[in-house]
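Step one of this worksheet: look at the structure below.
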Amino acid sequence: MLDRQSNNNLVENNTLYGNVDGIALYDSCDNLIRNNKIKENKNGIRANVHSSGNYIEQNNITKCRNGIFFYDKANGNFVVNNLIKNNAKGIYIKDSANNLIKDSLVKNSNRVEIKLNDNAKDNLIQKIQ
């Protein structure tokens, strides 16, 4: 977990499974989360409480309740070129804005591929397969 002002870190080339959160960003900014294998967690990658400017790229996220979950003002993050499959919800954005989700494969979710609700606004979703 990157907790309170854990900024400018690199989390790369890890295998994370069987946890509540594979990777959690809490009030943390400008981190690079890259090339991780994340499976069988409640949340694959979770960001909340003003976590912003984080780059989440080239991760493989499978068999989680939420593949990627942004909530409670996780604004201005970048999710690019990830494989997100076989989760209950692929990407879930709640009460967060100005996030970019693009060039990712989101498939075989049990409930929904991408869910936006509870004041999710100004998020840009492009080139999702």
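The values are calculated or read from the model by the stated rules, or taken from the named source; none is laboratory data. Quick caveat: nothing in here was measured; it's all calculated off a predicted structure. Reconstructed Cβ throughout: ideal geometry from the backbone, glycine too, with neighbour counts over all protein chains shown.
Among the residues in the range 12-34, are any more than 15 Å from the chain's Cα centre (by Cα) and within 20 Å of V80 (Cβ to Cβ)? For the range 12-34, residues more than 15 Å from the chain's Cα centre (by Cα) and within 20 Å of V80 (Cβ to Cβ): present. Taking I84, is it crowded, with 18+ Cβ neighbours inside 10 Å, at pLDDT 95 or above, more than 17 Å from D30 (Cα to Cα) and in contact with a Phe, Trp or Tyr (Cβ under 9 Å, 6 or more places away or on another chain)? So I84 fails the test. So N77 clears everything in (1) crowded, with 16+ Cβ neighbours inside 10 Å; (2) more than 17 Å from N7 (Cβ to Cβ) except one condition, right? Which one? Here N77 meets the rest and fails (2). Restricting attention to the range 38-60 and to residues that are under 9 Å from the mean Cα position of the chain (by Cα) and aliphatic (A, V, I, L, M), the residue that is nearest to D103 (Cα to Cα) turns out to be I56.
Selection within the range 75-104: residues that are more than 13 Å from the chain's Cα centre (by Cα) and of a type outside the set (D, E, K, R). The member of this set that is nearest to Q58 (Cα to Cα) is N86. Of all residues in the range 94-129, those satisfying the criterion of being assigned to a strand (DSSP E or B) and either free of Cβ contacts under 8 Å to residues at least 12 places away in the same chain or not hydrophobic (A, V, I, L, M, F, W, C) (or both) are K94, K102, K107, E113, K115, N117, K121, Q126.
Yes/no per residue for (1) part of a strand (DSSP E or B); (2) free of Cβ contacts under 8 Å to residues at least 60 places away in the same chain; (3) aromatic (F, W, Y):
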position: S6; (1), (2), (3): no, yes, no
position: N19; (1), (2), (3): no, yes, no
position: A24; (1), (2), (3): yes, yes, no
position: S52; (1), (2), (3): no, yes, no
position: I56; (1), (2), (3): yes, yes, no
position: F69; (1), (2), (3): yes, yes, yes
position: N75; (1), (2), (3): no, yes, no
position: V79; (1), (2), (3): yes, yes, no
position: Y92; (1), (2), (3): yes, yes, yes
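Among the residues of the range 44-56, are any surrounded by fewer than 16 Cβ atoms within 10 Å (Cβ to Cβ), at pLDDT 95 or above, of a type in the set (A, V, I, L, M, F, W, C) and under 18 Å from L2 (Cβ atoms)? Looking for residues that are surrounded by fewer than 16 Cβ atoms within 10 Å (Cβ to Cβ), at pLDDT 95 or above, of a type in the set (A, V, I, L, M, F, W, C) and under 18 Å from L2 (Cβ atoms), one finds at least one in the range 44-56, hence yes.
The single condition among (1) buried (at least 19 other Cβ atoms within 10 Å of the Cβ); (2) over 22 Å from N19 (Cα atoms); (3) out of contact with any Asp or Glu (no Cβ under 8 Å at 6 or more places or on another chain) that S96 does not meet is (3).
For K107, are the conditions met, namely being on the phi > 0 side of the Ramachandran plot and surrounded by fewer than 17 Cβ atoms within 10 Å (Cβ to Cβ)? Considered against the rule, which asks whether it is on the phi > 0 side of the Ramachandran plot and surrounded by fewer than 17 Cβ atoms within 10 Å (Cβ to Cβ), K107 comes out as no.
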